[in-house]
Amino acid sequence: MKKSDIAMIILIASVSMMAAFAIANNVSILKVSDKGETVSTIEEISPEVVSKPSTTVFNKDAINPTVKTVIGGSGQ
């Protein structure tokens, strides 16, 4: 490339960057509101359990998912 080609690429790139900056400053969606935004907050979560767990799920005959289950027999 010649020096004039490199200079032209730099010129076009800089003009394009300035145009993009000017367009982005004029887009109202990208501007920050001066008054700010209000955010709703939630109530504090209590560590106390209000109701007892369901007896249909948590009972002495329920399946324990932590126990290893073997389907079929051993091959020996």
Over the chain, what lengths in whole Å, largest first, do the semi-axes of the equivalent ellipsoid take, defined as the square roots of 5 times the eigenvalues of the alpha-carbon gyration tensor?
-> 67, 34, 8
Check the straight Cα-Cα distances from residue 52 and name the lysines below 25 Å, setting aside those fewer than 8 residues away within the same chain.
-> 60
Given a Förster distance of 35 Å, the FRET efficiency implied by the Cβ-Cβ spacing of residue 21 and residue 42, rounded to the nearest 0.05, works out to 0.30
How would you rank 57-66, 6-15, 22-31, highest first, on the average number of other Cβ atoms within 10 Å across their residues?
-> 6-15, 22-31, 57-66
Inter-site label distance for residue 13 and residue 64 at 7 Å from Cα along Cβ, in nm = 6.8 nm
Before rounding to the nearest 500, sum -39500 (n - 2.57) across all DSSP H runs of length at least 4 in the chain and divide by the residue total; then give [θ] at 222 nm in deg cm²/dmol.
-> -11000 deg cm²/dmol
Could you state the angle between the C-alpha long axis of helix 3-26 and the longest principal axis of the C-alpha atoms of the chain, as a value from 0 to 90 degrees rounded to the nearest 10?
-> 60 degrees
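Every number here is computed from the coordinates shown, using simple stated rules; none is lab data. A quick note: this is a predicted structure, and the numbers were derived from the prediction, not measured. Positions of Cβ are generated from backbone atoms using ideal geometry, with glycine treated the same way; all protein chains shown enter the neighbour counts.
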